[in-house]
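Before any comments, here is the structure.
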Amino acid sequence: MTSKFLAPVELFPAEETRQSGGGYLHWYQTMVLGAALGAIYANLPIYAYFLNPGLLPKFTYFGIFFLVAPLILLKSRSFGAYLLSPFVRWAACFLVLNLIHLGLVAASNSWDGIYVYDIHSDARQALIATRIQYLVFAVFLGFVAYISPYKNYLYMIVALMIVLPCAVVLDFARPGLLYPLDTEGAVLGRAAAMFINPTAAGEAILLVFLIGCSVIKAKYRVALFLLCGAAVVTTFSRSSIIAWVLLLLILVFKRALPKSAFIALASIVALSLALLGGFENYLESRQELAGASSNILSRLDFFSTFKLNDDSSEERAGVIRAGWDLFLQNPVFGAGAGATHFWSHRASTHNQLLLLAAEYGFFGIVLWMWLLVILWKGKFFAEKGLQISLVFLFVFMSLFTHQMFDAASYWLATFALMSIRKNKDLA
């Protein structure tokens, strides 16, 4: 029975629904996929590892795969058709490329080839192997969505549309409650909740909002969009805040959000500007944020001065130049998978497209463009405006993050879901 809050959730026509089976099997795959998406988009495997290093993320992923395996056996014909889908073909090419790089890294101690960062050979092999595992996991997750005749599993995403923003706001109000302040990757004063990294939190919240919009009625979206924005602001991630504003323009223009969203946002912005001075005093009055107030205020000043002169911006500029130089040195094959994670700089490129170019060369650029086309042609959303918004978010965030194919498994899960097409499109 559908709630007044939720829109119809049918994914395929009634005839395909009858062919797909039902009863307990449909219930099982819905529960498996819903639980998997809940864990991934809430970043629970990695969050659990930070709280207890004995709980390795792979335990969760292997557990989900164990639950998915029976579906592959029972739906072997559908699995064969799914293997011809655009995302799986893209993933297969990326997987083969990573296997080649993995083999070359393993042999780099005895052969001086194109790889220039062999000192961390074991660590690079582990990174590439993890990248392969995430990729394979996303493929299997996409299969469960592919055989699901209804989008009931997305009710979990609807719940996360509320839970994740509230958790991030809580993390800002009560830092140290959800994880110790000295946790590796945490940034004092910037909320992140289960994601630890505030930039990752902003990305995930925006993705969850867009995906959740596919199963909620349009009249409820404005309130959830504002809740999403409130959480994104507390991450103080400039890329996520800008993406949130640009998404508003796209969603209103494509009629996925009503024009009243502009009025609501304008009112909030005006109120925020009026209270900005009080917010500065508030930050300075909180002793636990004493060491972070200058960083937070410099990030807020960007939206009035548009100057990027803080430490974070300078670091990003430095690694972008280094990544570009690395690509120019190895334009065809790249410097090797994992090269930008084991160089002299403190962080990788902070740019997914540049990382692919630097590590995989021309082939990496092709993979990024190919994925862009797949997402553009995807038919997951009934509303084209939502699909366009998802494509925009992928392109925009590619300029500010380098973990779409690594630790941020919610990105790969999104690619697998958003590229789903009906069987007739697989010819």
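The values are calculated or read from the model by the stated rules, or taken from the named source; none is laboratory data. Everything quoted here is computed from the prediction, not taken from an experiment. Glycine also receives a Cβ, built like all others from the backbone with ideal geometry; neighbour counts cover every protein chain displayed.
When S304 is tested against the conditions (1) at pLDDT below 70; (2) within 30 Å of L127 (Cβ to Cβ), the lone failure is (2). Need pairs with beta-carbon distance below 6 Å; first residue of a type in the set (G, A, S) and within the range 208-229, second assigned to a helix (DSSP H, G or I); sequence gap 6+ or separate chains. Once the first residue is of a type in the set (G, A, S) and sits in the range 208-229, its partners that are assigned to a helix (DSSP H, G or I) give G212/I157; G212/V158; G212/M161; G229/W244. In the set (1) of a type outside the set (D, E, K, R); (2) modelled with pLDDT under 90; (3) not in a loop (DSSP other than H, G, I, E, B), L188 fails one condition alone, (3).
Against the criterion of being assigned by TED's automatic domain parsing to the domain that holds W376, modelled with pLDDT of 85 or more and over 10 Å from G338 (Cα atoms), I100 qualifies. Of the residues in the range 211-231, not one is in contact with a Ser or Thr (Cβ under 6 Å, 6 or more places away or on another chain) and not hydroxyl-bearing (S, T, Y). The set of residues from the range 308-348 being hydroxyl-bearing (S, T, Y), at pLDDT below 90 and either loosely packed, with under 14 Cβ neighbours inside 10 Å or within 13 Å of Q403 (Cβ to Cβ) (or both) comprises S344, S348.
Checking each residue in the range 394-409 for being more than 24 Å from P45 (Cα to Cα) and either surrounded by 18 or more Cβ atoms within 10 Å (Cβ to Cβ) or among the aromatic types (F, W, Y) (or both) picks out only F396. If I filter the range 358-371 for residues that are under 30 Å from A218 (Cα atoms) and either assigned by TED's automatic domain parsing to the domain that holds A106 or buried (at least 22 other Cβ atoms within 10 Å of the Cβ) (or both), do I get at least one hit? Yes, the range 358-371 contains at least one residue that is under 30 Å from A218 (Cα atoms) and either assigned by TED's automatic domain parsing to the domain that holds A106 or buried (at least 22 other Cβ atoms within 10 Å of the Cβ) (or both). The conditions of being in contact (Cβ under 8 Å) with a residue 12 or more places away in the chain, polar (S, T, N, Q), in the same structural domain as S313 (by TED's automatic domain parsing) and not in a helix (DSSP H, G or I) are met by T401.
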